[in-house]
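Just so it is clear, none of the values below were taken in a lab; they were calculated from the coordinates. What you see is a predicted model, and the numbers here were worked out from it, not measured in a lab. Note that we place each Cβ from the backbone using ideal geometry, even for glycine, and neighbour counts take in every protein chain shown.
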Amino acid sequence: MQMMRLTKARIDGVFVKDLKVQLDERGKLFEIARMDDPQFVSVYGKSIQQVYLTTANPGIVKAWHYHKKQTDCFCCVAGVMKLVLADTRRNSPTFGCINEFFLGPEAPKIVTIPKEVYHGFMAVSHEPATVINVVTECYNSKEPDEYRKAWDDKEIGYDWTIKNF
């Protein structure tokens with residue numbers, strides 16, 4: 001495998017949408033998923049299959065895995081999360097690319113992660129990062145659609161160290 005590289009060019013099939021925040025004296029609201037949104041129409045083409053919440057404790061890396069059937073759509077609703085994607089799909093025009101995204105409620109967005117793209121995340125805030133994931137397939141505990149590598153996998157070669165500029 002060729003050396004993976006961090007790039008600003010978006011990995012093929014990844015979509016990012018900034019979410020519009022409605023803010024007033026009562027609090028705030030932002031929509032995460034709308035089935036009439038072009039981002040979701042192109043990804044799902046059918047109804048949402050499952051929505052779940054997951055957390056990552058500060059400094060803990062939850063990586064790497066990909067799905068053969070499932071597309072993920074991540075939105076961080078508390079804390080700050082660094083989401084990292086690695087394209088190991090040999091037939092992809094962005095093969096070998098790594099993307100980083102910083103997600104949180106102060107600048108809410110949703111990131112669509114295509115099938116067969118390795119992904120992982122960690123909280124880079126002092127509190128846990130809370131993620132809502134809108135997915136195209138229901139989780140099957142008897143036959144999980146998850147293919148894993150260690151968080152420090154040498155082939156991917158991503159450095160999870162928090163950078164202080």
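Remarks
- Estimated FRET transfer efficiency (N140, F102; beta-carbon r; R0 22 Å; 0.05): 0.10
- Of the beta bridges in the chain, as assigned by DSSP with both residues counted there, near 95 percent are antiparallel.
- For the chain, adding -39500 (n - 2.57) for each run of n ≥ 4 DSSP H residues and dividing by the number of residues yields -1000 deg cm²/dmol at 222 nm.
- Percentage relative contact order, the range 5-139, counting C-alpha pairs under 8 Å, at least six apart: 39 percent
- Share of alpha-carbon pairs per 5 Å distance bin for the chain, given as whole %: 1, 8, 17, 21, 22, 16, 9, 3, 1, 0, 0
- Within straight-line reach of K149, meaning a Cα separation under 26 Å, sit the following lysines at least 8 residues removed in sequence or on another chain: K8, K62, K68, K69, K82, K115, K163.
- Local electrostatic count, K115, Cβ distance below 13 Å [Lys/Arg +1, Asp/Glu -1]: -4
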